[in-house]
Structures are given as structure tokens and as C-alpha cells.
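Written below as C-alpha cells is the structure these notes are about.
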Amino acid sequence: MIDALLLQLGYNATLVTLGACLLGIAAGVAGTFLFLRKRALVSDAISHATLPGIALAFIVMVSFGGNGRSLFGLLFGAGVSAALGLLCLHWLTTRTRLGEDAAIGAVLSVFFGLGIVMLTIVQTMSVGQQAGLEGFLLGSTAGMLRGDALLLAVAASVVLSLVLFLRRPFELAAFDPAFAETSGWSLAWIDFAMMGIVLVVTVVGLKVVGLILIVALLIVPAVSARFWTDRSDGVILIAAILGGLSGYIGAALSAVAPALPTGPIIVLVGFAFFVMSLLFAPKRGVLASVLTHYQYQRQIHLRQGLLALAQGQPIYEALTRRLMFRAGLILPDGVATASGQAAAAKALLDENRWSIVRADQSFAAAATRYDGLTVIEEFLTPDQMNEVDGRIIAPRALF
Amino acid sequence: MSISLVNDAHNKNANLAQSVSPLAVHGLTVSYNQTPAIFSVNMVVHPGTMTAIVGPNGAGKSTLLKAVLGVIKPLAGSVSILGKPLVKMRDKIAYMPQRASVDWDFPTRVIDVVMMGMYRNLGLLGRIRASHREQAIKCLNRVGMADFATRQIGQLSGGQQQRVFLARALAQDAEIYVLDEPLAGVDAATEKTIIAVLQELRDSGSTIVAVHHDLATVSDYFDDVVLLNKQVVAAGPIDDIFTEANLQATYGGRLATARVDPESVAI
């Protein structure tokens, strides 16, 4: 196991692991734009549409007396048939009233069905090279050769450079398609390029991840990365890292246990990263938002309690009283302590300051920070504070 | 003056702008599934003016803008920018789409959105330099949003989002500004800021074309108006065209619900 992760399992396994890592990086990057463009499922249609091409390529190569297992030939067939599927999808969505979701469903199932039928025919052929073709369904790195891994590496590098080259139009198309068009880039060509890149990733990834699950390698890293950052460059970078790690760890694991299909393992590793992101990411993660929620609730209760104190009103809510007692602001009978009195006076003063800031357009930026909690001194200069304080006419605290 | 017929208005405008109109549209028809959204629209915009496109819901206002910008392919007709075909003159037009047209949870910051306005000049690989960032901050400053430069766009209010979009259009550094409902659903302060920026642009020689929904403010803000309901009902200077009769012809029975302020309508 450790040996596998440290690339100590021999030359071929090392090449395959590095190839899978590169594939993961390329898929993470290409998938980010697909995800941001909200067309994630198009990749599923593309990948399923490869199957008839694989089977047909095998039949053609065998019947011309060639090697039916030539990876290059099979992938070429896969690419042609995936491109055909993509064209069908494009035609259905632009020329009919069918929505993209329905069109994806139609293309995906029809191509996959056709592929399965052709694969069954292949199995009945009397040539004896068919073994291994089903590896394209779920991925298998067992029989991979050095040349296969090199093909993967080259394709991944090409994809990465293309994305680097086209990142601006891709970003525009994902955020604001009409604006992309007015910036002089044809949306049709941007989408064509985006889908072309996804197609290349899908086809070269077939042997490693398999056509059923390659969609996960494209989408999961991007979705996970979104939890960690609010910038699109950041999403691309983190998706590349997570995708690369998924490919690397998954392929290494699969080298240790060749009986297990590679694709599902890579996807499960990616899923583990997703769960970690979902739970632990700062700001957007589940734990962070639960924590923030309770912290926020506590602050709101304290603030409301203090304002009630300052205005001499009773505190009705039990939770408020409990929180304030714990913070040492009130005694069990609801009477303010010395620190409670000081805090209450400060709370009321701040509230008055905020109401002036919020009423004045010249403080627009600061005013948006009003949430009943934020410390006002952090957003105003001392001069501004003096100006605001000079304008306070609201009642001062009782204390 | 009473109702102008389509062709009258068109011919008059065409004569006035015989030199070079920044934006001229001839016989433009766009249809979705055999139903025309706009039909045979003629429109000539004068240089250095603010033109409002006004009409009821479904009149094809946004469609007209999109066709003018080449985002939608028209079924018939042509668009010329400063006397030349649109494809050669894209750089001269800045565009501000409707706020609702994008995903505000998109992972990007205010300043990144403004930088998008410079992409067409930067090209695919042009380096973003400090001068570009300064430029972007300047654009944000003009709309009073410089303090928000590093905020995630989802944290902005509707009016602020609209101002960021205007800053991006400013960053496109164009001669013609095409805006789709720049004042829809914004607060009063934003409305004031946006109008002030647009008037500055006009006074420095740029041309503004905006879809506008609020009949009460059309004559306060704009120089010319195009009344649109699939076809151009009337077009020309506000004082001549923005009449009760023309509005009736544009909105039909829906005028009552459009709430016209009687004093703002020229009689």
C-alpha cells in the first residue's frame, strides 16, 4: 500500500499512477468550467456516447486483421462516436423544443444501448481478443502499457494548455454568456471548445476511470473546490489539486488490488475529498455554517438583551437571560451587573451611531455591514465617529 | 404634434443623422419559433444622446438590444455601428445586461467582474497589470463601489450589483453604451448614481441606449425615446414623441397599469 503511494510497484504501475494523476488534474480543470457553465451532465452524455465507437473500432480493426486491442484505435473510435453524440445533443437542443436535460437523457441512453448491443455482438465473435473491452465500462489499469500511459500524459498536457489559453472566454461564458458574445467571442465556439476539451478528457480517461464514472472525475473535484474559495481561479486550482490527488491515490490503490475496478476507487477517493470539503470548508462548509449560526444567534440574543437593559425593559426570553447570565452581564434575578451596565450603554450608543450611518448615503459601504453586531469603530475613521456622535439626538442609556 | 407613423419617424431620424449614426437598425426582425418578437424595426440613434427604449412587457425590448449586439441572430434586417457592420465594430459598444441574467453565486469578486470588461482588449493571454487594476478601481469609483472591490458578488444588494455591472461596462471603454433596464429594481441612491454616470458619458460625447420601464422618469432622464411594441410605434425627441396618444398606441389598454405621471407626459 505505502509502496504503491510511493511509486515502488514497478515501472508500469508507476507510469499508470502518474498518468491517472495527470488525468485527474486535466479532468478537474476541464470539469470546473463545465460545472460553472451549469452543463455538468453533458459530460455524462459524451462519455456514454463513446461505447458504440469502441465496439465498432474493435470490429473494424479485427476484420481488417489488425490488433483489436490497440488502445489508440479504440480511443479514436470512442472519440468519433462521442463527437457524434455531442452533435446529436447540440442539434436536439437548438433545433427542437426539447430541453437540454431531456436531450441528454435521450442521447445518453440510446448511444449506451447501442454500444451494449454491439459489445454483445463482439463477445460472440470468434477472434478471442475481446477480453478487456468491458474494462472501458468501469476502468481498468491492469493491462495498461507504457505507451498507453504516455498517451494519457500527452493528452492531459494538451488539455491543460488549451484551458489556460481559453480561460477568459470560458469564464465569461460561464458567468455571463451574453456578455461573452459582446466581448467578441462567439458563444457557440466557446461551448464547442469547452465540450471538445471535455471530450478529449473523457476519451483518454476511458481506460482508467471507465465511461460510466468519468463524469464524477470531471465534476466532483470542481464541486468540492467550490467550498473552499470564492474566486474562479481558486476553484480551478483547487479542483486540479483534488482531481490530481484522486487520480493518484485511486490508481495506486488499484495497483495494489488489481481485481478491483480502477474507476470506482478513484471516484470514491474523490468522494472522500468531497465529504471533507462539505464538512470542514471554512465559510461554506456544513460545520462552519452550523457554528456560525449558533455564534450569531448568541450574539443577537446578547445584543437584544443589552438593548433591553439599557432601555429599562424586561428580558422575556429564557435563552437570552441564560446567555447573559453566563456572560456575566446580569445576575440570576435579571438585574444588570456593573459590566452589564457598561455593555448595555455601549450597545445603545452603537445602535444610535448605526442608525445615523445607515441613514446617510456617504457611509453606504459601512452601512451594509450593519447586522446589529459589527463593531462600528472598525469601519469609521475617528473623524467620522466624532461626526456621527455629534449628530446623535436619540435617548441616551439610562445608566 | 400627433401620432407619428413608423415611416415618418424613421425618415425624419434618418435625415437628421445622415452623417454617421452610432447605431442604426434597418428592418430588423427577430422571431422565436415563427412568432416574431420584433418585426421590421427601424431605429436611428443620434450621436451624443440618451435614448430610451420604452414599451410594455413582451414588446421585444431586450430582444431588440440582443439583436443589436449580435447575441441573437436576426431573421432579417441589419445593424450598423458608426456606419459599419456590427462585426467590425464590436469594440465600440459596451453592454450592461439585466441583473437577473447571471448567477450571483458565481465564484468571483467585484473587481474581477469589472476586469471582465477589459478581457476583449486584453485578449486571450494579455497580462493583467497594475494599471488594469487601477483602471478597474477607477470605474468602481465612478459608481461609488470602490470600497466593495474585494467582496464576493453574492454579498451585494441589488442596486450594488447593478452598479458593478455599470462599472464593467465603463471598463469596456466604448463609444456606445447599450443597457438593459439599468434602473430596474434599484434603490433611489443607485438610480441617482447610474443616471449621473450615464449623463457624464453623454456629455463627453458617448451615446447611450437603454431599455427603460418607468414612464414617469423617461422625460427627466432621456433625450430621445423609441416606443416599441413588436414594431416601432414612434421614435424621436422626447418632447415630440412622448405623448399621451403615442403611449396609448404603444401600451393599448395596459397604459392605465403602467401608471403614467400626467405631468411628465408632453402634450
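Laboratory data are not the source of any read-out in this text; all were calculated from the coordinates shown. What you are looking at is a predicted structure, and each value in this text was computed from that prediction instead of being measured. Quick reminder, even Gly has a Cβ in these numbers, built from the backbone with ideal geometry, and neighbours come from all protein chains shown.
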task: Take chain A, connect every pair of alpha-carbon atoms lying under 10 Å apart with a spring to form a Gaussian network, then pick out the residue of A:45, A:252, A:174 with the largest mean-square fluctuation.
output: A:174
field: segment B:109-221: radius of gyration and largest Cα-Cα distance (Dmax), Å
entry: 14.1, 46
statement: Karplus-derived 3J(HN,Hα) from phi for segment B:161-177 (6.51 cos²θ - 1.76 cosθ + 1.60, θ = phi - 60°), whole Hz, x at Gly and Pro, runs 4, 4, 5, 5, 4, 5, 4, 5, 4, 4, 5, 6, 6, 10, 9, 10, 10
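Provide B:65, A:166, A:18 in ascending order of the number of other Cβ atoms located within 10 Å of each residue's Cβ, fewest first. Before the final figure, lay out each step's value.
Working: B:65 24, A:166 20, A:18 17.
Final ranking by Cβ density, sparse to dense: A:18, A:166, B:65.
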- prompt: What is the spin-label model distance, in nm, from residue A:283 to residue A:380 if the labels are put 7 Å beyond Cα along the C-beta direction?
  reply: 2.8
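Quick one: compute a quarter of the convex hull surface over the Cα atoms of chain A and quote it in nm². Can you show the working numbers first?
On the way: hull surface 113.3 nm².
Across all orientations, chain A yields a mean hull projection of 28.3 nm².
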- prompt: Counting only residues 5 or more places away or on other chains, whose amide H sits under 5 Å from the amide H of residue B:233 once H atoms are built in the peptide plane?
  reply: B:227, B:228
message: Taking the 0 to 90 degree range and rounding to the nearest ten, how far is the long axis of helix A:146-175 tilted relative to the main principal axis of chain A, both from C-alpha atoms?
response: 40
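In deg cm²/dmol and to the nearest 500, what is the mean residue ellipticity at 222 nm of the protein assembly as shown if only DSSP H runs of at least 4 residues count, each as -39500 (n - 2.57), divided by the residue total?
Rounded to the nearest 500, the figure is -18000 deg cm²/dmol.
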message: So if I place +1 on the C-beta of Lys and Arg and -1 on the C-beta of Asp and Glu, and nothing else carries charge, what would the dipole magnitude of chain A be about its Cα centre? I want it in debye, nearest 20.
response: 320
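What shape does segment A:1-125 have by the C-alpha gyration tensor, where a ≥ b ≥ c are the square roots of the eigenvalues, rounded means a/c under 1.5, and otherwise prolate means a/b greater than b/c and oblate the rest? Don't skip to the end; give the middle numbers.
Values: a/c = 2.76, a/b = 1.22, b/c = 2.26.
Oblate.
If you stretched the chain out fully between residue B:130 and residue B:249, how much longer would it get, using 0.36 nm times the residue separation minus the C-alpha to C-alpha distance?
Numbers: separation 119, 0.36 × 119 = 42.84 nm, distance 5.28 nm.
Between residue B:130 and residue B:249, full extension yields 37.6 nm more.
Take chain B, mark every one of the trypsin sites (Lys or Arg not before Pro) that falls in a DSSP loop and has at most 15 other Cβ within 10 Å, then report the longest stretch left between them, sites excluded. Kindly include the intermediate steps, with their values, before the conclusion.
Working: sites that count: B:127, B:129, B:259.
Free of exposed loop sites, the longest segment is B:130-258.
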Kirkwood Rh and Cα Rg combined as Rg over Rh, evaluated for segment A:311-355: 0.99
- prompt: Tell me, A:21, A:88, B:139 in order of fewest to most beta-carbon neighbours within 10 Å?
  reply: A:88, A:21, B:139
- prompt: So which residue, out of A:109, A:43, A:362, gets the largest mean-square fluctuation from a GNM of chain A using Cα contacts under 10 Å as springs?
  reply: A:362
field: Dimensions (Å) - chain B, Cα atoms, principal axes, largest first
entry: 55, 39, 38
task: Would you mind giving the mean number of other chain beta-carbons within 10 Å of the Cβ of each residue in A:223-234, as a whole number?
output: 3
message: 5 Å is the cut-off here: which amide hydrogens, built 1.01 Å from N in the peptide plane, fall below it relative to residue B:243, excluding neighbours closer than 5 in sequence?
response: none
statement: In whole Å, largest first, the alpha carbons of the protein assembly as shown cover along the principal axes 90, 83, 47
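Can you bin segment A:205-322 into rounded, prolate or oblate? Criterion: square roots of the alpha carbon gyration tensor eigenvalues sorted a ≥ b ≥ c, rounded for a/c under 1.5, prolate for a/b above b/c, oblate for the rest.
Details: a/c = 5.38, a/b = 3.39, b/c = 1.58.
Here segment A:205-322 falls in the prolate category.
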- line: Using alpha-carbon coordinates alone, the radius of gyration and Dmax of segment B:14-124 in Å work out to 15.8, 49
Likely footprinting exposure, A:39, A:226, fewest C-beta neighbours within 10 Å first: A:39, A:226
- prompt: Considering chain A as a Gaussian network with a 10 Å cut-off on Cα pairs, which listed residue, A:15, A:75, A:307, attains the greatest mean-square fluctuation?
  reply: A:307
